[in-house]
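Only one structure is covered here, and it is reproduced in the block below.
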């Protein structure tokens, strides 16, 4: 495609040089530039792409997209917003693939991954070829790819969409992060439907305030779905930000609204519910009539996730039987209340909960299922929102019988400094400094306290060795992640695998003893 064709509908542009040149690709990383590529010099959190223009030229760039003209001899397209332009040009370069399939976006602080898995399962039950873009991975046509970002940068996203279309994908559901909306990564995409789960404190290291965080999330509804005549939005009406989204931001007549709630009279709500360690049994009242739910997923907040997925099915006019079958068919979501059963009568649960709200939801889900003690292991990531650390410390120690504070992904921060900030929120819960001398007391049901074990592996081993029959261990924060980031390096670390190893070693120690 010639550059002139690519940029013909781009407003407020200034061209320096010859626009009648072929463009063979679009890249925002100079190391990914190939011959005759358009290099988008965008500003990142830490780096400015303008500093890498000469590197891009060396790698074969034929043209530059930037907000300021650079000292180079190759063609330049100067625009007010390079990110927005890059997104729109990427969609056009890959032949506007989102226009050729049904695209559903899911946003909110918690629940996005589970909802995408549920919607994918409903799509399959309805006979559609499904694609998913999410935190755990990107998948379509029996292919699975690692996900470096929840929502990819625009050229990568549009390339994935194009590959989906080429592989006959008809419906795609994707997690749309607040960062991606703020950075306009999804601009140029067409969303038919959207889901809003909730909004709780997270990412304030980037967005600064909850209002700014909300403004980013709301773009999916106001700037995309609301413009579609057949568009629909599914919104959690139990969340105050969901109500604000509906009443303050989302007043477009063309778009159908589907609310869901555990407590309020809205479009989707439960008529009957039964929660157990086996999962959820429920009957939902919906605009399409009663929908029967049978799912192995745990707890009240997974019922909310299920209601959101049902709302997508109803918004698309799918058959109730396909919706019900799709919910039933999904047996697990990696790292989302994922259970590991021990032969010794206790179990561990791995969950991605890394915000106060998510941790509280996980603990409140597990509490009624716990016949022994509820033991929690968690930490907080470095170089991320510091305000949630004391909040999570208070929640963990209040709702658990015993808590082990450990490291998560400390990144460039000192693990002990992060732990101190977590401890600052803990009240009325004693710290057990000499764990070995207290181990006998900790096995009693009335024991209450917390300890600090910075090494995550040692924390997991300690909890597994401490556990008695009917105890539940919640290992929170990392979920599906198979790495730990210390400094600038990634080290292999998988909570699920380490728990299984610890259980096996416990069995060996028991036999040896």
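List of remarks:
- Across segment 442-456, a minimum of one residue is classified as surrounded by fewer than 21 Cβ atoms within 10 Å (Cβ to Cβ), assigned by TED's automatic domain parsing to the domain that holds residue 363, at pLDDT below 95 and in a helix (DSSP H, G or I).
- Listing of helices (runs of 4 or more DSSP H) fully contained in segment 310-429 that carry 2 or more residues being at pLDDT below 95 and within 25 Å of the chain's Cα centre (by Cα): 356-366
- For segment 99-114, a residue qualifies if it is assigned to a helix (DSSP H, G or I), within 21 Å of the chain's Cα centre (by Cα) and closer than 22 Å to residue 156 by Cβ, and the qualifying residues are 112, 113.
- Residues in segment 55-66 that are free of Cβ contacts under 8 Å to residues at least 40 places away in the same chain and under 11 Å from residue 35 (Cβ atoms) were compared, and the one that is surrounded by the fewest Cβ atoms within 10 Å (Cβ to Cβ) is 60.
- On the stretch given as segment 462-492, residues that are surrounded by fewer than 19 Cβ atoms within 10 Å (Cβ to Cβ), free of Cβ contacts under 8 Å to residues at least 60 places away in the same chain and in contact with a helix residue (DSSP H, G or I) (Cβ under 9 Å, 6 or more places away or on another chain) total 2.
- Selection over segment 175-191 of residues that are within 19 Å of residue 118 (Cβ to Cβ) and either free of Cβ contacts under 8 Å to residues at least 40 places away in the same chain or out of contact with any helix residue (DSSP H, G or I) (no Cβ under 7 Å at 6 or more places or on another chain) (or both) gives a count of 1.
- Within segment 67-82, the set of residues being surrounded by 22 or more Cβ atoms within 10 Å (Cβ to Cβ) and within 30 Å of the chain's Cα centre (by Cα) comprises 82 only.
- When residues in segment 23-46 are screened for being more than 23 Å from residue 8 (Cα to Cα) and in contact with a helix residue (DSSP H, G or I) (Cβ under 7 Å, 6 or more places away or on another chain), 2 of them pass.
The values are calculated or read from the model by the stated rules, or taken from the named source; none is laboratory data. Since this is a predicted model, take the numbers as computed values, not measurements. Glycine also receives a Cβ, built like all others from the backbone with ideal geometry; neighbour counts cover every protein chain displayed.
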